[in-house]
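J.: One structure follows; several queries about it will come next.
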Amino acid sequence: MKDLRTIILAAGKGTRMKSETPKVLHGLCGQPMIQYVLDVVKFVGSLKIYIVLGYKPELVRASLPGEIVPVLQKRLLGTADAVRCAKQHFRDYRGDVLVLCGDTPLLDKDVVKRLIRKHKKSKAACSVLTSVVSDPQGYGRIIRGEKGVVIAIREEKDATEFEKNIVEINTGVYCFRSQDLFKAIRAIKMNKKKKEFYLTDIVELFVDQGLRIETVEAGDPSEGLGVNTREDLALAESFLRKKILKKFMAEGVTIVDPETTYIHKNVSIGCDTIIKPFTVIESHVRIGKNCVIGPFARLRPGTKIHDTVEVGNFAEVSRSQIGKKSLMKHFGFLGDAWVGSQVNIGAGVVTANFDGRQKNKTRIEDRAFIGSDSILVAPVKIGKEAMTGAGCVVTRGKVVPDKQVVVGVPGRIIKRRE
Ligand code: UD1
Ligand code: CA
């Protein structure tokens, strides 16, 4: 979008999280909270993105894409001060500025786009994304005057009993005319109770100048959730999890029990795959069509499961690929393994991929049969149609040729497989 720049406020420590990790780096469905906000900003097509950092800035910076411009807020003097810190980048800029907080990961990208559109069309100086919620506690309340026009945003601490009953809240997402924003922000006074400069005070200043304030209301009350505590974090996780599951079901994936299924962001699953209860599928996992996963399976990052594969109970698969029509129906562990097609992985099979210093690879070729309780000490290779006997330990560095049968501890080749 032309004439749109974004400022993300993320300097806060997140005191109420009681954490040494900056708030915006706490994880939600496998990715840091800030990533969700960035996804929204990317979607609306902002040309330049500035992020205000304060607490452990290097740590937050390291998790962001390179094109995002960090702005340092040395002392955390409030949301207005945070915006002011970005001022130097907006000197000759005459477009609009989208301002949002790093701690609102549930925002709906279409609603934010609608806010920007309405802002541009209405020629307002400021447009605020609001939300009508059942419990407004902790949020700034939207104060409307005659004819319903917005005249102020009142923070909880400064609200009268009457104002506290208002259920329309400020989500912390605004679109401003850049020139008006940076002119008015200098005039914001320090809030005496909190000793901070509130960005929300800008609304009253605009109203005094006769400038126009617009609002857009979020469709779902949850979208405006600001994550301030660990409880909020759990609420956000649950919201996002449901959204992810819903998307997969719409795409033709059976989720037998959404209540006990955990699928992270950046996962792909083909249609007609069935995910059974108590299954965890982490980020960067790809699953093909017609698979059966679970119950009680855990697929970890870097795993690729091809079509028509079964991964059953208490199976853990990490950084591995499993080829077409292969079976791993029972408990066991595959790590750093490449498994071909039509392979059978028996109950209790373990790839011993870590030797105490480094991770090593296992390769299991097509139609191999790995007997129950086999341990494959990587690096190791099992040839096509080869077979390991129950309880066999295939030792480190071993290459079992195609069609050979290996048994015992340490594993010895005894014959060709019929
Ligand atoms: C803020 C809003 C409130 C709104 C709510 C929505 C103000 C004064 N209040 O309250 O109206 O309902 O968000 O979630 O704006 N930050 C900085 N520098 C600072 C202070 C804060 O960058 O000096 C950042 C924080 O990292 C955070 C965001 O600004 O990402 C909001 O700050 P927070 O303290 O969470 O504000 P709330 O009390 O939630
Ligand atoms: Ca907040």
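The values are calculated or read from the model by the stated rules, or taken from the named source; none is laboratory data. Treat the numbers as computed from the prediction; the structure is a model and nothing was measured. All Cβ positions, glycine included, derive from the backbone under ideal geometry; neighbour counts span all protein chains shown.
J.: What number of residues within the range 262-280 satisfy the criterion of being of a type outside the set (Gly, Ala, Ser), within 22 Å of Gln35 (Cα to Cα) and in a strand (DSSP E or B)?
T.: 5
J.: Could you check the range 291-323 and list, in sequence order, the residues that are buried (at least 17 other Cβ atoms within 10 Å of the Cβ) and touching a Ser or Thr at 6+ places or on another chain (Cβ under 6 Å)?
T.: Residues satisfying the conditions are Cys291, Ile293, Gly294, Ala297, Arg300, Thr303, Val309, Val317, Ser320, Gly323.
J.: Tell me, which residue of the range 155-170 that is within 16 Å of ligand 2 (Cβ to nearest atom) and in contact (Cβ under 8 Å) with a residue 40 or more places away in the chain is surrounded by the fewest Cβ atoms within 10 Å (Cβ to Cβ)?
T.: Glu155
J.: Just to be sure before I move on: is Leu77 in contact with a strand residue (DSSP E or B) (Cβ under 9 Å, 6 or more places away or on another chain), within 15 Å of ligand 2 (Cβ to nearest atom) and at pLDDT 95 or above in the structure I sent?
T.: No, not satisfied.
J.: If you don't mind, another one. Based on what the data block shows, is Ile413 touching a strand residue (DSSP E or B) at 6+ places or on another chain (Cβ under 6 Å), of a type in the set (Val, Ile, Thr) and within 18 Å of Val317 (Cα to Cα)?
T.: Answer is no for this residue.
J.: Could you say whether any residue in the range 44-54 is within 27 Å of Lys118 (Cβ to Cβ) and surrounded by fewer than 14 Cβ atoms within 10 Å (Cβ to Cβ)?
T.: yes
J.: Out of all the residues in the range 1-34, which are more than 22 Å from Phe176 (Cα to Cα), outside any loop (DSSP other than H, G, I, E, B) and touching a residue at least 40 places away in the same chain (Cβ under 8 Å)?
T.: Arg16, Met17, Lys23, Val24, Leu28, Gln31, Met33
J.: Do we find that Lys56 is in contact with a helix residue (DSSP H, G or I) (Cβ under 7 Å, 6 or more places away or on another chain) and basic (Lys, Arg) in this structure?
T.: Taking the combined requirement at face value, the residue does not satisfy it.
J.: If you don't mind, another one. With respect to Tyr93, is the statement that it is more than 15 Å from ligand 1 (Cβ to nearest atom) and in a loop (DSSP other than H, G, I, E, B) true?
T.: Taking the combined requirement at face value, the residue satisfies it.
J.: OK, next. Taking strands (runs of 3 or more DSSP E) that fall entirely within the range 301-357, which contain at least 3 residues that are under 15 Å from Arg286 (Cβ atoms) and in the same structural domain as Asp272 (by TED's automatic domain parsing)?
T.: Fully inside the range 301-357 and qualifying: 303-305.
J.: Quickly run through the range 186-217 and pick out the residues that are within 12 Å of ligand 1 (Cβ to nearest atom), closer than 24 Å to Tyr93 by Cβ and either free of Cβ contacts under 8 Å to residues at least 60 places away in the same chain or assigned to a helix (DSSP H, G or I) (or both).
T.: Leu199, Thr200, Asp201, Ile202, Val203
J.: Another question, then. Considering every residue within the range 42-58, establish whether at least one is modelled with pLDDT of 95 or more, part of a helix (DSSP H, G or I), assigned by TED's automatic domain parsing to the domain that holds Leu98 and within 16 Å of ligand 2 (Cβ to nearest atom).
T.: no
J.: Hey, another quick one. I'd like the residue in the range 218-248 that is touching a helix residue (DSSP H, G or I) at 6+ places or on another chain (Cβ under 9 Å) and without any contact (Cβ under 8 Å) to a residue 60 or more places away in the chain and, out of all such residues, is farthest from Thr260 (Cα to Cα).
T.: The extreme case among them is Asp232.
J.: Would the range 210-228 turn up any residue that is within 27 Å of the chain's Cα centre (by Cα), closer than 21 Å to Val40 by Cβ, of a type in the set (D, E, K, R) and within 16 Å of ligand 2 (Cβ to nearest atom)?
T.: Yes, some residue in the range 210-228 is within 27 Å of the chain's Cα centre (by Cα), closer than 21 Å to Val40 by Cβ, of a type in the set (D, E, K, R) and within 16 Å of ligand 2 (Cβ to nearest atom).
J.: Among the candidates Glu196, Glu204, single out the residue that is within 16 Å of ligand 2 (Cβ to nearest atom) and farther than 27 Å from Lys109 by Cα.
T.: When all the criteria are applied, what remains is Glu196.
This table checks each residue for (1) buried (at least 23 other Cβ atoms within 10 Å of the Cβ); (2) part of a helix (DSSP H, G or I); (3) modelled with pLDDT under 95; (4) not small (Gly, Ala, Ser).
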position	(1), (2), (3), (4)
Leu107	yes, no, no, yes
Val111	no, yes, no, yes
Arg114	no, yes, no, yes
Lys118	no, yes, no, yes
Lys121	no, yes, no, yes
Ala124	no, no, no, no
Ser131	yes, no, no, no
Ile143	no, no, no, yes
Ile153	yes, no, no, yes
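J.: Filter the range 173-204 down to residues that are among the basic types (Lys, Arg) and on the phi < 0 side of the Ramachandran plot and give me whichever is surrounded by the most Cβ atoms within 10 Å (Cβ to Cβ).
T.: Arg177
J.: Looking at Ser178, Ser268, can you tell me which residue is more than 30 Å from Ile293 (Cα to Cα), away from ligand 2 (no atom under 16 Å from the Cβ) and modelled with pLDDT of 95 or more?
T.: Answer to the selection: Ser178.
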